[in-house]
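Below: the structure, in structure tokens.
Read-outs: derived from the displayed coordinates by stated rules, not from any lab. The model shown is predicted, which means the values in this text are computed figures rather than measured ones. Every residue, glycine among them, receives a Cβ derived from its backbone with ideal geometry; neighbour counts consider all protein chains shown.
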């Protein structure tokens, strides 16, 4: 009884009723989320213009919505930084705004703190490229700290190694000497080759029967790509085709046509293509994976942040947040 | 939001400018051809104004500040790189590379938005794609054989460290304007973004120098950043060095200039990375290149071998090859010996123009106007012609020799790119210039008309600003179209360094640099040989061992040919010059082979250019010393060429009809391709507009051998 009496106080009823009403209001009429966008027509026109200047063509609808989504995200990150009052507590923003005020010649007789206050009143922090970059960067760092990138696992490395195996393959290597004939020596070439065959000449003796070749006569451990630089693609195609016909054949091959004439080849050695081994390229794969993981983590964090805002005037930019 | 506000402001400014100039005359302001720039009144007036400005800045002194002490402390890094698995070199082969590459560690590269590290640069050279700051990929169609990252030694890595907010250095006040500047969201390529970017960076150098001087910025902290970046650059070079396949060099750029912006830049290339200086010697140690050579000599005495490669003499305002020393005294033997000991080769061609010669110096050489960039480097002030070009320097070297002095200008030639994106740029059809965000579009490069804010509004605003001291040549109007002006449209898609070496290793390539058995190309991977000897005969051209015999009995490019040693009673004979060239299989066929001769006599210096071999077996006209027109054509509308004309290989054994046994002379060979589209024409075709009329629509790519000097005593 005495307990109920103690509760029967008007001031207590007032407080309880107030709390209930407050909770009811919050549930029924929640605080509206901040709105970002839409971009003005002029700003969209600027985005289109930038693309046109960069590429010489109009953006497609899909590209344009992508640009708009990126711009909205930047605005959202800036807004978020302002909501968190990063601009009030960052020494870089502070110094930048003071410098701007001094540049605008508003500094006479005022302390730095006064200048900073005045810069905020003049909303200079909203109109400074470096301040905006700084604030966006701070938000991104905060997001990455909150949603850190996933470290690549051994399984990830194995998977990417497997998927890039062809790209990372070591090419075949050819070692040979050759007898060269210019384009005007095609008829002589056949009789020289016959002589080499009939007399079983070695390469040293045979080479003397050809013409000088500016790139030289001996080529060691050359990849097809390296050979193409010196002889042209036709030569490499002919050589590869010959080796495909007889992979183990060493000795005389040809004549092979090139951009410069014909080459009768004495193949000394051939090392077939081989797959790269993981230890050789692990570091390179790790760098690539870490980079992608960081980008992905940031994209996902930004996507999460979007739920705290009403994004108007553009499709949400959720590409690749998996 | 603020970007939009900026753009609104600029539109308002441009509109105001348009109104202000509405009543002014609308005459066109076309530039003449770059090679005729020295007759352009606007440019001459602009140059005079710039000279006054440079003089004022020199008084201020931030560009000539010596803020670091010279030191030769060494990093003892030990041998690097695996041994070659195959060691049987018998012939010298042509290896192609680039010895002039900037990355994110160069303060200006960083300002251009470059994020590519030295590691990325080497990946690019090996054939991987890397990103241009403007958002697209760059990739070679075939890898290069060697590559050297040569970031500016001056404030090496400082801009990158200032912008990266995870570094200690970024936490000082100096660094704050640059924070996150190259973060992805800040990489806009619009005119306004670029203006903002350049405004931010314009104060980087002077701010750094003045703050170090007055103690606001800690000198040792700056040196710490420089040394750390230098070490990282060395590490990258070692990591990618693959003997026999791909060679890298530890290197950097010494970026000095005279107070009037006469370019004195040199790339310093080290033979290996066993022992290296702890920090690069930069213009902040001394503005005087003679001090650089002394530093290199001091290092050499400690077992550190290096060479310096001057470049962009074309933009030196006559300073690179002048005939007085830094103090203004006449050159002497000590100067000449020290210079040639440290500078055996020069970069004759690169993106910022070709420095072989100028039409006003070589009026009888109809190919002398090739890719002339007429300005002092990084300005729009005209560069004085005399003292700025290589052929003239070779001639002056002969004259000094005649006076009994050592020749300081007896150098070999290479080309390189000077890219600032980590990626060589030497293919016309793929050229995106060197300035990252500042040259990522055809409009920025000045090859197609500018539109939007960079177009008519920008042109009119620029005219107004010019009346108040602005630069009148940043925008030009030609036939009613507005184009980017200044130096950028005169840039060339050039060049490549080539070396005749036994194998693709540091040791072998560096030896080639030292003996000057190197040559330059304007981009295509042509091969060119030049030998001279007294016993040469026609069999060298036809017998398989011709090149071996030429090596054995003569001298090759970069060498000295001494006088014929006649036996008693025997008459002196003429030397023969064996010239051979082959076309690049991915470029146009060759049109002709030439010999460029320079000599000195009592009347002074002289030069002559003669054709020695013509495509299609045509004969050289003995009266004009020129090949007949070989009918090579370019269809400008699609850049196709008639490939059936021209030659895959050309060779000749040439004898100098004017040879005099007692006359000093030099001879170098030039291989000339059939004409092809210039990069600006490729740009215009892609944009569907006519090529810019004041730029050449086509060019003739070429290779220059290093000279052979005939030394008469």
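Using only alpha-carbon positions, what ratio does the radius of gyration of the range B:104-161 give when scaled by 2.2 N^0.38 Å? Mind dumping the intermediate values first?
Details: Rg = 11.7 Å, N = 58, 2.2 N^0.38 = 10.3 Å.
Ratio of Rg to 2.2 N^0.38 Å for the range B:104-161: 1.14.
Based on DSSP, what percent of beta bridges with both residues in chain A are antiparallel, to the nearest 5?
Details: 19 of 21 bridges.
So the antiparallel bridges amount to about 90 percent of the total.
Output the 0 to 90 degree angle, nearest 10, between the alpha-carbon long axis of helix B:390-402 and the longest principal axis computed from the alpha carbons of chain B.
The angle comes out at about 50 degrees.
Which distance in Å, rounded to a whole number, links the C-alpha centroids of the range B:305-363 and the range A:51-111?
Cα centroid of the range B:305-363 versus Cα centroid of the range A:51-111: 46 Å apart.
Given an 8 Å cut-off on Cα distances and at least 6 residues of separation, report the relative contact order of chain A as a percent. It would help to have the intermediate numbers written out before the result.
On the way: 326 pairs, mean separation 79.9, N = 322.
It comes to 25 percent, rounded to a whole number.
Could you tell me the largest-minus-smallest coordinate of the C-alpha atoms of the range B:634-713 on each of the three principal axes, in descending order and whole angstroms?
60, 29, 18
How tilted is helix B:204-213 with respect to the longest principal axis of chain B? Cα atoms for both, answer in degrees (0 to 90, nearest 10).
So the helix axis and the longest Cα principal axis differ by about 80 degrees.
Can I get the semi-axes of the range B:526-710's equivalent ellipsoid? Compute them from the C-alpha gyration tensor as square roots of 5 times the eigenvalues, in angstrom, largest first. Walk me through the numbers on the way to the answer.
Details: eigenvalues 262, 65, 36 Å².
Result for the range B:526-710: semi-axes of 36, 18, 13 Å.
How many angstrom lie between the Cα centre of the range B:661-712 and the Cα centre of the range B:566-582?
29 Å
Determine Rg/Rh for the range B:52-430; Rg is computed over alpha-carbon atoms and Rh is the Kirkwood hydrodynamic estimate from the same atoms. Numbers along the way, then the final one.
On the way: Rg = 20.5 Å, Rh = 21.5 Å.
A ratio of 0.95.
P(r) for chain B, please, calculated from all Cα pair distances in 10 Å bins and given in %.
3, 15, 26, 27, 19, 8, 2, 0, 0, 0
Taking 1 over the mean of 1/r across every pair of different Cα atoms in the range A:173-264, what Kirkwood radius in Å do you get?
Working: mean 1/r = 0.0747 Å⁻¹.
Mean inverse Cα-Cα distance, inverted, gives 13.4 Å.
With contacts defined as alpha carbon pairs under 8 Å and 6 or more residues apart, what's the relative contact order of chain B in percent?
Details: 1690 pairs, mean separation 104.8, N = 713.
Reported relative contact order: 15 percent.
Translational diffusion coefficient of chain A at 25 °C, 0.890 mPa s, Stokes-Einstein with Kirkwood Rh over Cα pairs, in µm²/s as a whole number. All intermediate terms of the calculation are to be shown ahead of the outcome.
Numbers: Rh = 28.0 Å.
So the translational diffusion coefficient is about 88 µm²/s.
Given that compact globular proteins tend to follow 2.2 N^0.38 Å, what is the ratio of the alpha-carbon Rg of the range B:233-284 to that value? Mind dumping the intermediate values first?
Working: Rg = 13.8 Å, N = 52, 2.2 N^0.38 = 9.9 Å.
Scaled against compact globular proteins, the figure is 1.40.
What area, in nm² and to one decimal, does the C-alpha convex hull of the range B:629-671 cast on average over all directions?
Working: hull surface 20.2 nm².
The number I arrive at for the range B:629-671 is 5.0 nm².
Placing one identical point scatterer on every Cα of the protein assembly as shown and ignoring solvent, what is log10 I(q)/I(0) from the Debye formula at q = 0.05, 0.09 Å⁻¹?
The Debye formula, applied to the Cα set alone, gives -0.36, -1.09.
On C-alpha positions alone, give me the angle between the axis of helix A:278-306 and the longest principal axis of chain A, in degrees, nearest 10.
In chain A, helix A:278-306 runs at an angle near 30 degrees to the longest axis.
Take peptides B:116-128, B:604-616, B:406-418, B:622-634 and line them up by average Cβ neighbours within 10 Å, highest first, as a rough protection proxy. Walk me through the numbers before you get to the answer.
Working: B:116-128: 22.8, B:604-616: 18.8, B:406-418: 26.5, B:622-634: 14.4.
Per-residue Cβ counts within 10 Å, averaged per peptide and sorted highest first, yield B:406-418, B:116-128, B:604-616, B:622-634.
Using Cα pairs under 8 angstrom and six or more residues apart, how large is the relative contact order of the range A:196-322, in percent?
Numbers: 70 pairs, mean separation 17.4, N = 127.
That works out to 14 percent.
Using the C-alpha atoms of the range B:476-560, what convex hull volume per residue, in cubic angstrom, is computed? It would help to have the intermediate numbers written out before the result.
Working: hull volume 15.7 nm³, N = 85.
Here the figure is 185 Å³ per residue.
So in the protein assembly as shown, what percent of DSSP beta bridges are antiparallel if you round to the nearest 5? Can you show the working numbers first?
On the way: 102 of 119 bridges.
In the protein assembly as shown, DSSP labels about 85 percent of beta bridges as antiparallel.
Just to confirm my numbers, what's the Cα centroid distance between the range B:210-251 and the range B:472-528 in Å?
Value for the Cα centre distance between the two parts: 25 Å.
What's the Kirkwood radius of the range A:166-208 in Å, using all Cα pairs? The partial results should precede the final answer.
Values: mean 1/r = 0.0789 Å⁻¹.
This gives a value of 12.7 Å.
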